[in-house]
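Remarks on the structure that follows.
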Amino acid sequence: MAKVKLLTSKLQVHPQDLGVLVEVPFELPIGYQSLSVELIGDIPEDSVLDLGLADPNRVRGWSGGSRSSIFLSLYKATPGYLRGELPRGRWAVLLSPYEITRAFEVVVKIEGDLYCPHWLKSDLHVHSLHSDGCWDLCQLTERAKSAGLDLLALTDHNTISQNVEASGWGFFKNDVLLLPAMEWTTRKGHANVFGLCDPMPDWRVNDDEEFSLKMQEVKNRGALVSINHPYDDFAFGLKWDWSYEKVQFIEIWNGPWRSSSELARRAWEKALSAGVKLVALGGSDVHGPSDWVELGSPTTWLYTTLPGISGVLEALNKGAVYLTRDIDGVTLGDKATVPGSTNVDNIVTIDLKGLSKGQRVDVICDGQCFKSFLVDKTTLEVQVEVPIEFRYIRTEVYRYDETFDVWLPLLITNPIWRLGGGIEHE
Ligand SMILES: [Zn+2]
Ligand SMILES: [Zn+2]
């Protein structure tokens, strides 16, 4: 966070201003996650100056003469004011003398915290007591916080009551951001629907036509749809048997890596090679204590340039996303070219940390392994030059598993597209 002074304004208040509502306007640029307003000055004891605040769309609160400062953020606010998104545009501090016997001077000081772009560590697939999970949202967020996660997507099956509960907390609990979601669970596959509290009033679909209509309706409302565990067939209805058309996101990594994950990874790579900008996601699909499934494994990393849920949705849409097996294992370093970046040339920076000797780094260009490095240190920073007409480039890190004689992934990035990435919305 970076503290920024937005306005300092000196005002003279006179007895003839009694009852007048004065606006002290200020411009709020995009990207602020909190705002504070302070009245500084010696207001005479027998005078009262009422205070309020308006954003570009509405009055955000009014504290009358009872306060001389206001704090507002995405998640908290001074009583009498509404927390939530801080829209860019013309704001105004509202001042009105309620009692005044003689003139006085007051300084209005407005400051804000500008969001610094960074990676959010998320689990985009979890279940709670709102469907077939064991933990309530308080327990789930406590566990997420101790695991080091910044964000959970509330993907309970075919219900939205988890989103209603989370909305009461401003989608923020135990320092964990909560993305409203639902796992649309049908007999022909499951899909996570992200970003809306109530994406569909009725989730039931009977045939391909109904499915297609519902999918379009949900997307038109602004939700992001990701098909889940598309190749799992160990239980009825898990495998994706609906059309892949209109799909924007695919969960290639669901809990522990297995052969169905590899099939999903290959299908995704095939789509990318054909120029389909499909964003790969991961999620633990945790339902409770388990020997196999762990909250935050895999971790989905989202590069956010805006605060709150807007930033999360923007990162998802851009494909500024990569996946790791562990929250504290192999990660991208600060210099790495961010997946989803636009207007890149044919030299990209691969920067990795947390590596171990014997691991393998693959640089994939247009569906083919372009370069492979056998790791001998804990970090790797290289510039890779690919053919000038490349379409996309991405990175994977593998470890060799001796027991099963197989290379298993530790990190998978989404592509850096030469001509820009991201979902193309209709
Ligand atoms: Zn599922
Ligand atoms: Zn699930």
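The values are calculated or read from the model by the stated rules, or taken from the named source; none is laboratory data. Keep in mind that what you see is a predicted model, and the values were worked out from it rather than measured. Cβ atoms come from the backbone with ideal geometry, glycine included; neighbour counts cover every protein chain shown.
In a residue-by-residue description of segment 330-338, the property of being surrounded by fewer than 21 Cβ atoms within 10 Å (Cβ to Cβ), outside the structural domain of residue 293 (by TED's automatic domain parsing), touching a residue at least 60 places away in the same chain (Cβ under 8 Å) and hydrophobic (A, V, I, L, M, F, W, C) applies to no position. Selection within segment 328-340: residues that are more than 16 Å from the chain's Cα centre (by Cα) and aliphatic (A, V, I, L, M). The member of this set that is nearest to residue 355 (Cα to Cα) is 330. Return yes or no: is residue 6 under 24 Å from residue 308 (Cβ atoms) and surrounded by 14 or more Cβ atoms within 10 Å (Cβ to Cβ)? Against the criterion (under 24 Å from residue 308 (Cβ atoms) and surrounded by 14 or more Cβ atoms within 10 Å (Cβ to Cβ)), residue 6 qualifies. Restricting the search to segment 241-263, which residues are modelled with pLDDT of 95 or more and farther than 19 Å from residue 401 by Cβ? Within segment 241-263, 249, 250, 251 qualify.
When the residues of segment 151-199 are filtered to those that are within 16 Å of ligand 1 (Cβ to nearest atom) and of a type in the set (Gly, Ala, Ser), the one that is nearest to the chain's Cα centre (by Cα) is 153.
When restricted to residues that are closer than 18 Å to residue 207 by Cβ and within 12 Å of ligand 1 (Cβ to nearest atom), segment 237-251 contains 3.
Of all the criteria given as (1) more than 25 Å from residue 284 (Cα to Cα); (2) in contact (Cβ under 8 Å) with a residue 60 or more places away in the chain; (3) not in a strand (DSSP E or B), the one not satisfied by residue 378 is (2).
Within segment 248-260, the residues that satisfy the criterion of being away from ligand 2 (no atom under 16 Å from the Cβ) and crowded, with 20+ Cβ neighbours inside 10 Å are 248, 257. Within segment 318-348, the set of residues being closer than 18 Å to residue 397 by Cα and part of a strand (DSSP E or B) comprises 321, 322, 323, 324, 331, 332, 348. The residues listed here are 75, 98; of these, the one that is assigned to a strand (DSSP E or B) and modelled with pLDDT under 95 is 98. Within this structure, residue 282 passes the test of being modelled with pLDDT of 95 or more, in contact with a Phe, Trp or Tyr (Cβ under 6 Å, 6 or more places away or on another chain) and either within 13 Å of ligand 2 (Cβ to nearest atom) or within 18 Å of residue 152 (Cα to Cα) (or both). Candidates in segment 45-57 are the residues that are in a loop (DSSP other than H, G, I, E, B) and in contact with a strand residue (DSSP E or B) (Cβ under 6 Å, 6 or more places away or on another chain); of these, the one that is surrounded by the fewest Cβ atoms within 10 Å (Cβ to Cβ) is 56.
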